Amino acid sequence: MGMSWDDVVLIEKGKNSGDPTVVTVNCPDKPGLGCDLLRIVVEFGLYVTRGDFSTDGRWCYVVLWVVARPMSLKVEWERLKKRLVAVCPSCMPTFYLNQLSTTSKSPPLYLLKVFSLDRKGLIHDVTKLLCELELTIQRLKVMTTPDGKVLDLFFVTDSVNILHTKIGRQETCENLSAVLGECCISCELDLVGPEYESQQWNSSIPEAIAEKLCRCEISAVEDDGLRADASSKNKEASVVIDNLLSPVHSLLQIQCRDQKGLIYDIFRISKDCDIQIAYGRVSSTVNGTRSLDLFIQNKDGKKILNNENQIALCSRLKEEMLHPLRVMITNRGPDTELLVANPVEISGKGRPRVVYDVTLALKTLGICIFSAEIVRHSSLDREWEVYRFLLIENRRFPLTSKQAKQEIIKKIRSTLMGW
């Protein structure tokens with residue numbers, strides 16, 4: 001007997017203004033399901049105040065208490081439910097027979113071409129609408145012409161299946177034209193052709209810059225912005241593995257400064273490292289610090305007893321909790337370039353809403369973007385998604401000033417991290 005889809009994801013809104021909304025997921029388990037659920041939560045701009053996760057390896061039960069972050073887009077709760085249901089495995093008994101043989105197809109890629117007059121905040125306004133329509137930016141290419149016009153190329157995937165029809169694509173372009181107003185010259189949206197699919201979009205970042213941006217040990221870097229704020233708020237992350245409390249599970253205890261996407265990052269790393277979370281509890285934030293207790297096993301269903309494996313897992317968690325996003329400003333010839341990098345999921349997905357947050361911070365500062373692109377860079381142990389922005393000089397932020405660069409980096413990091 002199957003299970004009603006209405007019972008797979010339940011959303012109960014808070015009774016009073018400001019109360020968290022309770023999201024409950026009750027479905028068959030699959031590897032990395034917690035990461036997939038939390039990724040969607042981040043995409044919708046939601047903050048997890050606390051959470052519980054449990055599974056017996058076949059069936060999982062997840063409860064998340066969530067609130068919308070300040071400056072976030074309006075949450076469409078019914079859309080959120082549909083997205084969460086979409087990543088849950090089938091509730092039919094045949095799921096267990098087909099789980100290993102079934103592979104998910106990559107969603108189709110669409111190209112949005114926007115040709116317009118340039119103005120402050122243009123890229124952010126386009127990005128904001130794409131987020132509202134749940135169109136995920138996979139690649140980006142922004143170019144400013146000598147006569148003050150801008151050609152934006154957004155390669156997007158469609159989470160709600162609105163672009164598969166000509167009418168859906170036309171309505172999207174009409175919405176975008178309305179947002180941009182008179183500065184919009186033309187807007188086109190079509191399925192990408194093979195000439196784009198064949199492009200690898202590999203990194204063209206100079207090796208020295210890429211090494212500095214994506215290095216594992218960044219504590220020695222002080223002046224280029226890779227180091228987190230050296231304030232009392234930036235407390236050292238604590239990651240401990242205890243094998244004495246449970247006979248069959250290792251207890252992973254984590255304490256870290258709270259920040260946007262923290263729980264997603266922890267579950268992403270667990271997914272990438274083939275760590276199974278049998279039970280987990282996410283506590284409420286206390287004095288800006290978040291605590292997690294996770295009972296985990298290796299993919300073979302055993303405790304993590306090997307000392308080297310324990311050290312590797314704890315080091316990876318510490319590194320990416322303290323520095324999940326790398327931000328730096330450098331020179332590209334006579335121009336000033338802003339670079340933002342984050343590790344890519346082993347599934348190939350980049351971090352949600354990075355373009356939205358970076359362009360929001362730049363718009364708030366009044367800094368215009370001359371060109372932008374998203375590229376991939378592969379290091380020895382992982383793949384990175386790198387966002388490159390050439391910035392335009394202005395009076396308030398002379399980009400040759402070290403103080404101005406530090407202020408820009410601080411604003412972008414605080415927006416990305418939700419501080």
Going through the stretch 331-347 in order, the residues found to be surrounded by fewer than 18 Cβ atoms within 10 Å (Cβ to Cβ) and in contact (Cβ under 8 Å) with a residue 12 or more places away in the chain are Arg332, Asp335, Ile346, Ser347
Just a yes or no: is a residue in the stretch 324-337 at pLDDT below 95, within 15 Å of the chain's Cα centre (by Cα) and closer than 23 Å to Val66 by Cβ? yes
The condition from (1) buried (at least 20 other Cβ atoms within 10 Å of the Cβ); (2) of a type in the set (D, E, K, R); (3) touching a Phe, Trp or Tyr at 6+ places or on another chain (Cβ under 8 Å); (4) in the same structural domain as Ser414 (by TED's automatic domain parsing) that Arg353 misses is numbered (3)
Residue hits (the stretch 239-270; surrounded by fewer than 21 Cβ atoms within 10 Å (Cβ to Cβ), under 18 Å from Gly57 (Cα atoms) and in contact (Cβ under 8 Å) with a residue 12 or more places away in the chain) are Ser246, Val248, Leu251
Being touching a Lys or Arg at 6+ places or on another chain (Cβ under 9 Å), surrounded by fewer than 19 Cβ atoms within 10 Å (Cβ to Cβ) and not aromatic (Phe, Trp, Tyr) narrows Asp56, Asp52, Asp36 down to just Asp52
Before we move on, is Val150 touching a residue at least 40 places away in the same chain (Cβ under 8 Å) and over 17 Å from the mean Cα position of the chain (by Cα)? no
Note: among Arg290, Arg281, just one is in contact with a Phe, Trp or Tyr (Cβ under 8 Å, 6 or more places away or on another chain) and either β-branched (Val, Ile, Thr) or part of a strand (DSSP E or B) (or both), namely Arg281
Here the qualifying pairs (Cβ atoms under 7 Å; residues six or more apart or on different chains; first in the stretch 45-61 and in the same structural domain as Thr127 (by TED's automatic domain parsing); second part of a loop (DSSP other than H, G, I, E, B)) come out as none
Residues of the stretch 268-323 being among the acidic types (Asp, Glu) and modelled with pLDDT of 90 or more, in sequence order, are Asp272, Asp274, Asp293, Glu308
Worksheet item: Does Pro70 count as of a type outside the set (Phe, Trp, Tyr), free of Cβ contacts under 8 Å to residues at least 24 places away in the same chain and not in a helix (DSSP H, G or I)?
Response: yes
Across the stretch 94-121, the tally of residues that are at pLDDT below 50 and either in contact with a Leu (Cβ under 8 Å, 6 or more places away or on another chain) or not β-branched (Val, Ile, Thr) (or both) stands at 7
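Every residue, every condition in (1) surrounded by 21 or more Cβ atoms within 10 Å (Cβ to Cβ); (2) assigned to a loop (DSSP other than H, G, I, E, B), yes or no:
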site: Ala372; (1), (2): yes, no
site: His377; (1), (2): yes, no
site: Trp384; (1), (2): no, no
site: Phe389; (1), (2): yes, no
site: Glu393; (1), (2): no, yes
site: Arg396; (1), (2): no, yes
site: Leu399; (1), (2): no, yes
site: Gln406; (1), (2): no, no
site: Leu416; (1), (2): yes, no
- Within the stretch 301-319, can one find any residue that is part of a loop (DSSP other than H, G, I, E, B) and in contact with a Gly (Cβ under 7 Å, 6 or more places away or on another chain)? no
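The values are calculated or read from the model by the stated rules, or taken from the named source; none is laboratory data. Model, not experiment: these values are computed from the prediction. Counting neighbours? That spans all protein chains shown, and the Cβs are built from the backbone with ideal geometry, glycine included.
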